[in-house]
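**Student:** I have a structure here, written as structure tokens, and I will follow up with some questions on it.
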Amino acid sequence: MGLTEWAYSLSESLLSEPLPRRWAHSLGVAERARSLRPALGGDAELLEAAAVLHDIGYAPAIAVTGFHPLDGARFLRDEEEADDRIVRLVAHHSCALLEAEERGLRQDLEGEFELESPGLVDALIYCDMTTTPDGTQTTPTERLEEIVNRYGPATIVGRFIQRAAPEIHAAARRVESRLAQVSVTDQPM
């Protein structure tokens with residue numbers, strides 16, 4: 001079984017029945033990752049796999065700490081023996097260090113999982129933050145507003161996402177800039 005086949009199968013098994021909306025979001029994030037293929041070169045399959053797996057830590061079967069990036073990454077590392085780069089992308093997706101800080105888990109996340117390359121981190125942020133909870137495309141601004149409205153501005157998630165907003169916007173701009181360069185020069189990220 002190939003990397004993406006494995007990733008889709010695993011994510012579906014963990015999310016589709018207990019959390020169908022989260023599964024739809026994950027499929028949408030993976031679709032966005034596929035749209036970045038021209039800019040990713042040899043990392044395209046890796047990003048797509050990480051994209052479809054990024055939210056598996058919400059699955060009731062593997063949720064332990066209640067912090068989905070950490071729970072998902074630990075499961076991938078410990079139970080699935082997944083590729084280290086995928087594990088690191090899941091662990092650190094969408095500015096997870098800031099949320100870990102809000103939850104008192106920053107040392108755990110930093111201590112267990114190194115950051116992946118900045119270009120791929122940006123790409124996964126872009127894919128996640130341009131996809132609605134239902135899996136359709138959106139803008140980073142609309143996605144951030146949706147998250148704050150869904151969780152509330154004074155909650156852990158609300159506070160974290162407001163703190164992360166500048167970096168999320170910056171990552172989206174970097175990815176869009178690289179995509180524009182690739183369309184002009186046909187060179188991957």
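The values are calculated or read from the model by the stated rules, or taken from the named source; none is laboratory data. Quick caveat: nothing in here was measured; it's all calculated off a predicted structure. Every residue, glycine among them, receives a Cβ derived from its backbone with ideal geometry; neighbour counts consider all protein chains shown. When the accessible area is computed, the model is the full protein with side chains, heavy atoms only, and any ligands, DNA or RNA have been set aside. Shrake-Rupley method; radii C 1.70, N 1.55, O 1.52, S 1.80 Å.
**Student:** Please go through the stretch 41-69 and give me each residue that is more than 12 Å from the chain's Cα centre (by Cα), open to solvent by less than 10 Å² (accessible area, probe 1.4 Å) and in contact (Cβ under 8 Å) with a residue 24 or more places away in the chain, ordered by number.
**Tutor:** ALA59, PHE67
**Student:** Also: Starting from the stretch 2-18, take each residue that is closer than 11 Å to GLU45 by Cβ and open to solvent by less than 30 Å² (accessible area, probe 1.4 Å) and list its partners that are among the basic types (Lys, Arg) and part of a helix (DSSP H, G or I), counting only C-beta distances under 9 angstrom and pairs at least six apart or across chains.
**Tutor:** No pair meets every condition.
**Student:** Take ARG85 and tell me if it is within 20 Å of ALA7 (Cβ to Cβ), under 13 Å from the mean Cα position of the chain (by Cα) and among the charged types (D, E, K, R).
**Tutor:** Judged against the criteria, ARG85 is a match.
**Student:** Which condition does CYS95 not pass, out of (1) of a type outside the set (Phe, Trp, Tyr); (2) closer than 22 Å to GLU45 by Cα; (3) free of Cβ contacts under 8 Å to residues at least 12 places away in the same chain, if it passes all the others?
**Tutor:** Condition not satisfied by CYS95: (3).
**Student:** Could you please find all residues in the stretch 112-146 being surrounded by 21 or more Cβ atoms within 10 Å (Cβ to Cβ), charged (D, E, K, R) and touching a residue at least 60 places away in the same chain (Cβ under 8 Å)?
**Tutor:** Residue satisfying the conditions is ASP128 alone.
**Student:** Okay, next question. Name the residue, out of ARG85, ARG143, that is in contact with a strand residue (DSSP E or B) (Cβ under 9 Å, 6 or more places away or on another chain) and not aliphatic (A, V, I, L, M).
**Tutor:** ARG143
**Student:** Suppose we keep only residues that are among the hydrophobic types (A, V, I, L, M, F, W, C) and modelled with pLDDT under 75 within the stretch 173-189. Which one would you say is surrounded by the most Cβ atoms within 10 Å (Cβ to Cβ)?
**Tutor:** MET189
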